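Read the structure below first, then the notes.
Rule-based calculations on the coordinates, nothing more; no lab input. On a predicted model such as this, the values are computed, not experimentally measured, just so you know. With ideal geometry, Cβ positions are generated from the backbone for all residues, glycine too; neighbour counts draw on all protein chains shown.
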Amino acid sequence: MLILKYSLLPGLERTGVLAPVVPVTFIHGNFEFPTFALVDSGGEQGLISTVIADALNINWQKLPRHVGLTTSGNFVYHTFPNLVAKIDDYEFRLSINIAEGVNAFKCILGRKDIFQQAKITFEGYKKEFRIDFRNLN
Amino acid sequence: MKYKRINFIKLLKKYKSGWVAISSDFENVVFSGKTLKATMQKAKKYKEKLYYFPAGETYSNFVGLFSNANFKI
């Protein structure tokens, strides 16, 4: 089981908004990109920026384009079906959306990916959350 | 049971733009650069695992709601 403290990000100190952020390594063939992802129960599917996709050598421009919805408007994305994510010692495959025109730090894991792999418990009163990966063998 | 804490405020204090490479214990920024490519290039010979993160003034839209409307265009 992994227990992580919610993170406070620069610029958000006065708001007190804390983010459940998990260290994750994305793997595509010989390319690996360790970074940090927001664990988002409100997000349907994982999402990364095109900057991260480029670092993983994913040819996202050739993938079909779709339009998604956010609270602040629409965004264009491309779905890459076969990415690997590694959190601590646990690896899993996921389909990821690659969003154009978003901040480089946009990196989200959502209901269709990490929430299918683990029991995730948010304990906001402790400012921490737990990830307990399922034993799928 | 593993316990992790990542203090982005402390890590990113000196970095207002570009990218940083953070040590795997999440305690230090080991490399930084104007672009991700430049930062990864500096880290090429570094043997330990590094985590990459953009450095910016604010992350006010780090948390936001996304939904796949799935309209093909």
**OP:** State the three equivalent ellipsoid semi-axes of the protein assembly as shown, derived from the C-alpha gyration tensor as the square roots of 5 times its eigenvalues, in descending order and whole Å.
**Re:** 23, 21, 19
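What is the ratio of the Cα radius of gyration of the range A:89-137 to 2.2 N^0.38 Å, with N the residue count, to two decimals? Write out the running numbers ahead of the final one.
Values: Rg = 13.4 Å, N = 49, 2.2 N^0.38 = 9.7 Å.
With N residues counted in the range A:89-137, Rg over 2.2 N^0.38 Å equals 1.39.
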Original post:
Using helices alone, what [θ] at 222 nm do you get for chain A, with -39,500 (n - 2.57) per DSSP H run of 4 or more residues, divided over all residues and rounded to the nearest 500?
Top reply: -1500 deg cm²/dmol
Original post:
Amide H neighbours of B:Ala55 under 5 Å, counting only residues 5+ apart in sequence or on other chains, H built in-plane at 1.01 Å?
Top reply: B:Gly18, B:Trp19, B:Val20
Original post:
List the trypsin sites (Lys or Arg not before Pro) in the range A:10-112 that DSSP assigns to loop (not H, G, I, E or B) and whose Cβ has at most 15 other Cβ atoms within 10 Å. Which are they?
Top reply: A:Arg14, A:Arg111
**OP:** State which entries of A:Lys119/B:Lys34; A:Lys112/B:Lys44; B:Lys13/B:Lys47; B:Lys4/B:Lys42; A:Lys126/B:Lys10; A:Lys119/B:Lys16 exceed 31 angstrom in Cα-Cα distance in the structure shown.
**Re:** A:Lys119/B:Lys34; A:Lys112/B:Lys44; A:Lys119/B:Lys16
Subject >> Kirkwood estimate for the range B:13-54, i.e. one over the average of 1/r between Cα atoms, Å >> reply: 10.1
**OP:** Tabulate in residue order the Karplus-calculated ³J(HN,Hα) for the range A:50-57, using 6.51 cos²θ - 1.76 cosθ + 1.60 with θ = phi - 60°, rounded to whole Hz; enter x for Gly and Pro.
**Re:** 5, 4, 5, 4, 5, 5, 8, 6
**OP:** Using all C-alpha to C-alpha distances in the range A:55-137, build P(r) with 5 Å bins and read off the rounded percent in each one.
**Re:** 3, 11, 20, 21, 17, 15, 10, 3, 0
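Looking at the square roots a ≥ b ≥ c of the eigenvalues of the Cα gyration tensor of the range A:1-100, which shape do they give, rounded for a/c under 1.5, prolate if a/b is larger than b/c, or oblate? Walk me through the intermediate numbers first.
Working: a/c = 2.00, a/b = 1.21, b/c = 1.65.
Because a/c hits 1.5 or more and a/b fails to exceed b/c, the range A:1-100 counts as oblate.
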**OP:** Starting from the Cα of B:Lys13, move 7 Å in the Cα-to-Cβ direction to define the label point; list residues of the range A:6-49 whose amide nitrogen is under 14 Å from there.
**Re:** A:10
Subject >> Least to most buried among A:Thr50, A:Thr121, A:Thr70, B:Thr39 (fewest other Cβ within 10 Å first) >> reply: A:Thr121, A:Thr70, A:Thr50, B:Thr39
Subject >> Qualifying GluC sites (Glu not before Pro) for the range A:12-50 [loop in DSSP, other Cβ within 10 Å: at most 15] >> reply: A:Glu13
